[in-house]
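The structure under discussion appears below in the form of structure tokens.
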Amino acid sequence: MELFSNLALGFATAASPENLLFCLIGVLLGTLIGVLPGIGATATIAMLLPITFQLEPVSSLIMLAGIYYGAQYGGSTTAILINMPGESSSAVTAIDGYQMARKGRAGAALSIAALGSFFAGTVSTFLVALFAIPLTAIALKFGAAEYFSLMIVGLVSSVALAHGSVVKALAMVALGLLLGLVGTDIYTGTPRFTLGIREYADGLNFVAVAVGVFGIAEILRNLEGEKTRSVLVHKVSGLWPTREDFRRMAAPVLRGTAIGSALGILPGGGAILAAFASYTVEKRVSDKPEEFGHGAIAGVAGPESANNAGAQTSFIPLLTLGIPANPVMALMVGAMIIQGIVPGPNVASEQPALFWGIIASMWIGNLMLVVLNLPLIGLWVKLLTIPYYVLFPIIMAFCSIGVYSVNSNVYDLYAVAFFGFAGYLLVKLRCEPAPLLLGFVLGPLLEENLRRAMILSRGDPTTFITRPISATLLLIALAVLVVVFLPSVRAKREEVFQEED
Amino acid sequence: MRRLHLTRRHALAAGLSLAAALALGSPAHADGFPDRQITMVVPFAAGGSTDVVARIVAQKMSDDLGQQVIVQNVAGAGGNLGADNVARAEPDGYTILMGTVATHALNPLILKSTPYDAEKDFAPISLLVVVPNVLIVNPELPVKTVAELVALLKAEPGKYSYASSGNGTPLHLSGELFKSMAGVEMEHIPYKGSGPALNDVIGNQVPIMFDNLPSSSGHIKTGTLRGLAVTTKERAPSFPEMPTVGESVPGYETYTWNALFAPAGTPPEVVARLNVAAGKALADPAVAERMTEFSATVVGSTPEELAAHVKAEIAKWTPVVRDAKIQLD
């Protein structure tokens with residue numbers, strides 16, 4: 001069996017004492033920066049690139065990969081504890097995770113996130129090992145028309161993200177789409193809605209917007225009154241999930257893993273999209289959709305598994321084609337080139353120890369993360385007992401440093417401040433920030449691919465229905481619409497939301 | 001022809017000045033410079049080819065200068081943001097720019113208003129490397145040579161599209177120059193960077209592309225993409241088999257280059273010190289090896305030669321940009 005000999009080679013490489021050490025350093029560092037809000041894997045890896053120059057290629061890539069998926073783990077910690085997504089893909093975890101924390105179940109939420117991530121990491125690592133090459137072939141079938149149709153499915157389903165008025169959810173999606181338009185139009189080079197500020201020529205920074213509407217808005221809300229300020233301090237009970245919790249997280253974790261693995265392969269925000277998609281699905285299939293937004297276990301377990309699975313499978317295009325699926329992967333390409341490895345389809349055959357070593361190290365790294373994180377949960381939860389007047393300035397400081405470090409762009413900080421106030425206003429108006437973020441992520445992709453597909457078809461819109469994958473996706477979108485507006489479902493939905501009010 | 005010969009001379013000159021520097025110690029002695037860390041601004045995202053060149057060179061320059069040269073990525077507006085930051089920085093040599101053909105020749109021509117003057121606002125330090133571009137096609141496209149591609153495009157005008165890393169980038173202009181010099185029609189499909197464009201060419205969503213040689217060299221070697229020709233005047237040492245575009249379309253030549261600039265008004269002795277450090281970095285065999293693997297050619301130059309190079313590049317691209325009617329806001 002070629003696969004087993006390859007995996008054996010991989011584990012032999014990854015389990016050398018030196019590589020184990022670098023894997024540990026990577027995941028530790030990743031967890032740390034993931035926990036610090038705003039400081040992302042991109043900035044950290046960029047800063048560490050010069051150091052990797054001195055290391056063996058495989059050690060340096062193992063360490064950088066560890067930072068990346070370590071950050072995915074760590075990012076959920078702050079999302080749950082203080083409603084501050086440390087990583088863009090944990091924005092969804094903040095929705096229900098933070099509500100669980102407010103109900104004194106922070107420990108359970110953190111354990112669920114860690115265990116879900118570990119399961120997803122294990123499965124998707126083996127997917128990478130088994131199917132990297134055939135999966136690449138599928139991803140390559142996605143052209144502009146297919147991406148457009150996929151985005152349509154995403155947008156249509158996003159209505160389910162809201163747990164209130166559908167009209168408000170649609171308004172938030174539309175607002176997100178509009179915010180996503182800020183920046184240079186890639187087809188004409190015309191700056192749009194930049195107010196003449198060159199720093200916004202490449203659009204608003206996702207991390208800045210997410211930290212603003214979730215984190216800063218939450219801080220403002222907490223500062224409103226003494227009562228809510230201390231709410232987290234008192235009721236911390238039960239660090240571990242109950243048997244009932246385990247029963248309820250199993251299916252969401254499985255579904256999240258599947259969704260994350262599939263979307264992670266596609267370039268362009270796969271992990272974020274995966275988390276949103278998983279949340280949508282969980283809410284749709286749940287027999288208690290009214291729990292979502294108020295601390296639903298499935299709302300943490302699903303998206304966390306999805307974003308970790310997506311993080312792992314986004315290595316597929318990098319390893320098999322040398323094409324980066326996101327900015328972190330672009331840095332990994334840079335690290336390979338600095339090491340004298342030309343990324344491309346020949347890496348697997350020319351450098352088998354490197355290729356399989358990285359894959360094996362992903363599983364080892366995931367194991368380290370879960371061993372590392374479970375004992376730390378007690379410590380993280382203790383953080384909540386720090387008086388809020390001490391905690392919030394520290395959070396604000398780290399946020400600012402983190403957001404600034406991404407692009408060294410001071411206008412990103414202005415964006416944090418602006419979206420902090422905007423987010424606070426939205427909370428007061430009882431509008432949800434999650435659909436806004438989804439619109440913000442999908443909007444530019446939707447437009448870019450719509451226009452690219454139209455240019456490629458020379459203006460013929462039937463391209464979306466004559467291409468089979470695109471047509472299938474559009475049918476799925478239609479089906480979702482029908483389901484949402486079907487009288488029986490609608491009645492149930494209204495019933496659900498009446499209960500809520 | 002002239003330009004590449006000139007760059008060969010640059011290499012020689014850099015080598016000679018390096019030999020002199022090694023023999024006599026630093027010829028230009030800037031008192032106390034540098035006494036703290038130097039920031040090298042890369043006006044593009046980390047991980048791209050300009051970033052890789054910067055990090056390799058910065059590492060070696062740190063060794064020579066005895067102070068850390070740290071790389072800071074200030075990406076945005078096609079490189080203009082980072083370039084503008086350096087143009088406005090204190091002219092003391094502690095903030096320098098990793099400039100490219102985009103920041104110092106194309107952007108000023110393409111944009112209606114550029115915040116800086118590529119010639120007046122900078123003190124050139126040294127040309128570093130030249131990176132060839134390459135004309136690639138999906139292997140399913142029934143052409144094996146540039147001549148066959150031209151024939152196909154002429155037989156079915158308007159049917160084919162080509163991908164590039166974005167509007168107004170050196171790769172887009174390589175395509176436009178090809179269209180006008182070969183007299184063919186292709187629709188331009190811009191992407192956000194080379195990666196996604198390459199992805200679509202491999203998947204045959206778009207059949208043709210101009211790319212930097214380093215980013216597609218792996219695919220050309222394994223055959224997932226067919227390299228038709230390099231865009232430089234002479235064949236690339238890493239692909240001696242591959243012809244040049246100029247062999248089929250006489251006079252065609254484009255390439256990407258990287259060079260160091262300080263803000264205008266930086267004292268000449270500081271510029272000279274940085275030039276020596278850059279020259280030593282380029283002369284390092286390990287650096288040369290990395291650059292060759294990366295398909296970049298180490299060039300090097302004096303500050304004056306870089307100034308002349310910028311002037312020549314602007315003169316070369318002015319008619320191309322005008323004829324292709326590329327004008328961005």
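The values are calculated or read from the model by the stated rules, or taken from the named source; none is laboratory data. Note that the structure is predicted; figures quoted are calculated from it, not measured. When we count neighbours, we look across all protein chains shown, and the Cβ atoms used for this are built from the backbone with ideal geometry, even at glycine.
Can you work out which of the residues in segment B:171-183 that are assigned to a helix (DSSP H, G or I) and not aliphatic (A, V, I, L, M) is nearest to B:P250 (Cα to Cα)? My answer is B:F178.
Among residues of segment A:401-420 being hydroxyl-bearing (S, T, Y) and in a helix (DSSP H, G or I), the one that is farthest from the other protein chains (Cβ to nearest Cβ) is A:Y414. May I ask you to verify whether B:L149 is touching a residue at least 40 places away in the same chain (Cβ under 8 Å) and not assigned by TED's automatic domain parsing to the domain that holds B:T231? When the stated conditions are applied, B:L149 does not pass them.
Could you list, in sequence order, all residues of segment A:428-451 that are within 21 Å of A:T93 (Cα to Cα) and of a type in the set (D, E, K, R)? Those that are within 21 Å of A:T93 (Cα to Cα) and of a type in the set (D, E, K, R): A:R430, A:E432. Answer with yes or no whether A:T122 is among the hydroxyl-bearing types (S, T, Y) and either more than 30 Å from A:P352 (Cβ to Cβ) or touching a residue at least 60 places away in the same chain (Cβ under 8 Å) (or both). Spelling it out, A:T122 is indeed among the hydroxyl-bearing types (S, T, Y) and either more than 30 Å from A:P352 (Cβ to Cβ) or touching a residue at least 60 places away in the same chain (Cβ under 8 Å) (or both).
Number of residues in segment B:300-329 that are within 14 Å of chain A (Cβ to nearest Cβ) and either under 22 Å from B:F122 (Cβ atoms) or not β-branched (V, I, T) (or both): the value is 6.
Does A:F126 count as buried (at least 24 other Cβ atoms within 10 Å of the Cβ) and more than 16 Å from A:I377 (Cβ to Cβ)? Considered against the rule, which asks whether it is buried (at least 24 other Cβ atoms within 10 Å of the Cβ) and more than 16 Å from A:I377 (Cβ to Cβ), A:F126 comes out as no. Just one of (1) surrounded by fewer than 24 Cβ atoms within 10 Å (Cβ to Cβ); (2) of a type outside the set (V, I, T); (3) out of contact with any Gly (no Cβ under 7 Å at 6 or more places or on another chain) fails for A:K141. It is (3). Taken over segment B:35-74, the criterion of being touching a residue at least 40 places away in the same chain (Cβ under 8 Å), basic (K, R) and assigned to a helix (DSSP H, G or I) is satisfied by B:K60 alone.
Looking across segment B:43-99 at every residue that is among the charged types (D, E, K, R) and surrounded by 24 or more Cβ atoms within 10 Å (Cβ to Cβ), the one that is farthest from B:E119 (Cα to Cα) is identified as B:R55. The residues listed here are B:Y162, B:Y191; of these, the one that is aromatic (F, W, Y) and farther than 14 Å from B:T231 by Cβ is B:Y191. Quick one: would you say B:A20 is assigned by TED's automatic domain parsing to the domain that holds B:L127, at pLDDT below 85, crowded, with 22+ Cβ neighbours inside 10 Å and farther than 17 Å from B:T256 by Cβ? No. Taking into account only those residues within segment B:46-68 that are within 11 Å of chain A (Cβ to nearest Cβ) and of a type in the set (V, I, T), which is farthest from B:G99 (Cα to Cα)? Selected residue: B:I56. Residues in segment B:158-171 that are at pLDDT 90 or above and either surrounded by fewer than 24 Cβ atoms within 10 Å (Cβ to Cβ) or more than 12 Å from chain A (Cβ to nearest Cβ) (or both): B:K159, B:Y160, B:S161, B:L171.
Taken across segment B:134-149, residues that are within 21 Å of the chain's Cα centre (by Cα), within 17 Å of B:S49 (Cα to Cα) and surrounded by 22 or more Cβ atoms within 10 Å (Cβ to Cβ) do occur, with at least one present. Scoring B:V287 on the criteria (1) within 14 Å of another protein chain (Cβ to nearest Cβ); (2) closer than 28 Å to B:P190 by Cα leaves a single failure, condition (2).
Of the residues that sit in segment B:197-212 and are touching a strand residue (DSSP E or B) at 6+ places or on another chain (Cβ under 9 Å) and in a helix (DSSP H, G or I), which one is nearest to A:A144 (Cα to Cα)? If we take residues in segment B:197-212 being touching a strand residue (DSSP E or B) at 6+ places or on another chain (Cβ under 9 Å) and in a helix (DSSP H, G or I), then B:D200 is nearest to A:A144 (Cα to Cα). Of the set (1) at pLDDT 85 or above; (2) surrounded by fewer than 24 Cβ atoms within 10 Å (Cβ to Cβ); (3) within 28 Å of A:R255 (Cα to Cα), all apply to A:K103 but (1). Being in contact with a Phe, Trp or Tyr (Cβ under 7 Å, 6 or more places away or on another chain) and on the phi < 0 side of the Ramachandran plot is the filter here, so list the residues in segment B:87-109 that pass it. If the condition is that a residue be in contact with a Phe, Trp or Tyr (Cβ under 7 Å, 6 or more places away or on another chain) and on the phi < 0 side of the Ramachandran plot, then B:A87, B:I96, B:L97, B:G99, B:T100, B:V101, B:A105, B:L106, B:L109 are the ones that fit. Quick check on segment B:299-316: of everything there that is crowded, with 20+ Cβ neighbours inside 10 Å and aliphatic (A, V, I, L, M), which residue is farthest from B:A278 (Cα to Cα)? Of everything passing the filter in segment B:299-316, B:V310 is farthest from B:A278 (Cα to Cα). The single residue among A:T313, A:T385, A:T320 that is away from chain B (no Cβ under 14 Å) and farther than 18 Å from A:G116 by Cβ turns out to be A:T385.
Among all positions in segment B:189-206, there is no residue which is charged (D, E, K, R) and more than 7 Å from chain A (Cβ to nearest Cβ).
Among residues of segment A:444-459 that are at the interface with chain B (Cβ under 9 Å from one of its Cβ atoms), those with a Cβ under 7 angstrom from a residue that is hydroxyl-bearing (S, T, Y) and not in a loop (DSSP other than H, G, I, E, B), sequence gap 6+ or separate chain, pair up as A:L456/B:S161.
Could you please find all residues in segment B:69-81 being closer than 24 Å to A:D185 by Cβ and within 9 Å of chain A (Cβ to nearest Cβ)?
Answer for segment B:69-81, where residues must be closer than 24 Å to A:D185 by Cβ and within 9 Å of chain A (Cβ to nearest Cβ): B:N73, B:V74, B:A75, B:G76, B:A77, B:G78, B:N80, B:L81.
For B:I96, the stated conditions hold: it is modelled with pLDDT of 50 or more and touching a Leu at 6+ places or on another chain (Cβ under 8 Å).
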